[in-house]
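Engineer: I have a structure I would like to understand better, so I am pasting it below and will then ask my questions one at a time.
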Amino acid sequence: VINMNCFRYKLEHDCGFAPNPFHGTLSLATCKGQIRKNKHLEIGDWIIGLGSVAMGNLNHLIFAMQLEEKITFDDYWNDLRFQCKKPNINGSLLQLYGDNVYHTDAQTAKIIQEDCAHSKEDGKENMKHYNRDVDGKFVLLSKNFYYFGDNAPLIPPEYSYIYNVARSVKYLDLMGDDIRIQEFINWIGEKYEIGIHGDPCNWKEFSID
């Protein structure tokens with residue numbers, strides 16, 4: 001990758017919905033529209049999700065994904081690979097937080113929000129989430145990812161350039177700085193295997209027998 005980017009943002013909560021790290025592919029299909037529709041986002045770029053004061057894990061690494069595919073909501077909805085990511089509100093936590101929830105109604109040409117973690121409790125559309133999610137336009141996908149959730153490691157001070165103190169998405173400061181981005185990715189790769197290393201941070205709030 002020439003002049004790769006590294007998009008970083010803080011997660012205020014982590015339920016396995018955004019991102020959804022399950023079924024072998026990490027997907028970012030909701031929230032973070034400013035990343036999903038960003039004109040600077042290219043295949044090969046990295047997206048880093050960081051902990052926050054709200055979750056008590058500031059500067060910890062929740063996930064890192066290298067973007068491999070960028071597809072539309074309808075392509076995601078119809079893709080045989082991702083039927084397993086459609087939510088089942090009465091299923092397990094894993095099924096409840098499926099993120100394959102938006103698609104276009106053929107009759108009205110309007111994007112529908114299926115009953116999901118972002119809908120209202122009665123299954124009706126939650127317009128606050130709807131508007132924010134749909135604004136992102138694309139679903140981001142990767143099999144080359146590290147997801148830590150509640151096992152999020154503290155990022156060492158020598159990589160403090162990855163930290164994000166702001167509320168918004170950060171990437172311009174490292175734009176095209178392949179060396180520092182790659183050094184950070186190498187640190188992850190030397191310590192951890194690709195894949196899932198923990199449960200979503202907020203799952204501990206559920207009592208599971």
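Engineer: Output the number of residues of the stretch 82-105 satisfying the condition of being assigned to a helix (DSSP H, G or I), open to solvent by 10 Å² or more (accessible area, probe 1.4 Å) and under 15 Å from CYS15 (Cα atoms).
Structural biologist: Looking only at that region, the number is 4.
Engineer: Could you say which residue among GLY195, GLY149 is small (Gly, Ala, Ser) and surrounded by fewer than 17 Cβ atoms within 10 Å (Cβ to Cβ)?
Structural biologist: After applying the criteria, what remains is GLY195.
Engineer: When both residues are 6+ apart or on different chains and their Cβ atoms are under 8 Å apart, which pairs have a first residue that lies in the stretch 175-204 and is touching a residue at least 24 places away in the same chain (Cβ under 8 Å), and a second that is of a type in the set (D, E, K, R) and not in a helix (DSSP H, G or I)?
Structural biologist: Filtered contacts from the stretch 175-204: ILE194/LYS143; PRO200/ASP14; CYS201/ASP14; ASN202/ASP14.
Engineer: Under 6 Å between Cβ atoms, which residue pairs at least 6 apart in sequence (or on different chains) link something in the stretch 1-30 that is among the aromatic types (Phe, Trp, Tyr) with a partner that is in a strand (DSSP E or B)?
Structural biologist: Qualifying pairs under 6 Å: PHE7/ILE47.
Engineer: Restricting the stretch 121-143 to residues that are over 19 Å from the mean Cα position of the chain (by Cα) and surrounded by 13 or more Cβ atoms within 10 Å (Cβ to Cβ), which is nearest to HIS13 (Cα to Cα)?
Structural biologist: That would be ASN126.
Engineer: Considering only residues that are part of a loop (DSSP other than H, G, I, E, B), over 21 Å from GLU42 (Cα atoms) and of a type outside the set (Val, Ile, Thr), which ones fall in the stretch 165-209?
Structural biologist: Hits for the stretch 165-209 are ALA166, ARG167, TYR192, GLU193, HIS197, GLY198, ASP199, PRO200, PHE206, SER207, ASP209.
Engineer: Kindly indicate which of THR30, THR72 is at pLDDT 95 or above, open to solvent by less than 70 Å² (accessible area, probe 1.4 Å) and touching a Gly at 6+ places or on another chain (Cβ under 8 Å).
Structural biologist: So the residue among THR30, THR72 that is at pLDDT 95 or above, open to solvent by less than 70 Å² (accessible area, probe 1.4 Å) and touching a Gly at 6+ places or on another chain (Cβ under 8 Å) is THR30.
Engineer: Can you name the residue in the stretch 152-188 that is among the basic types (Lys, Arg) and at pLDDT 95 or above and is also surrounded by the fewest Cβ atoms within 10 Å (Cβ to Cβ) among such residues?
Structural biologist: Filtering first and then ranking leaves ARG180.
Engineer: If I go through the stretch 106-120 residue by residue, how many of them are surrounded by 14 or more Cβ atoms within 10 Å (Cβ to Cβ) and either charged (D, E, K, R) or in a strand (DSSP E or B) (or both)?
Structural biologist: 5
Engineer: How many residues are within 24 Å of ASN88 (Cα to Cα) and in a loop (DSSP other than H, G, I, E, B) if we restrict to the stretch 13-38?
Structural biologist: Within the stretch 13-38, residues that are within 24 Å of ASN88 (Cα to Cα) and in a loop (DSSP other than H, G, I, E, B) number 16.
The values are calculated or read from the model by the stated rules, or taken from the named source; none is laboratory data. Being a predicted model, the structure only gives us computed values, none of them experimental. Cβ atoms come from the backbone with ideal geometry, glycine included; neighbour counts cover every protein chain shown. Side chains included, ligands, DNA and RNA excluded: accessible areas come from the protein's heavy atoms. Shrake-Rupley method; radii C 1.70, N 1.55, O 1.52, S 1.80 Å.
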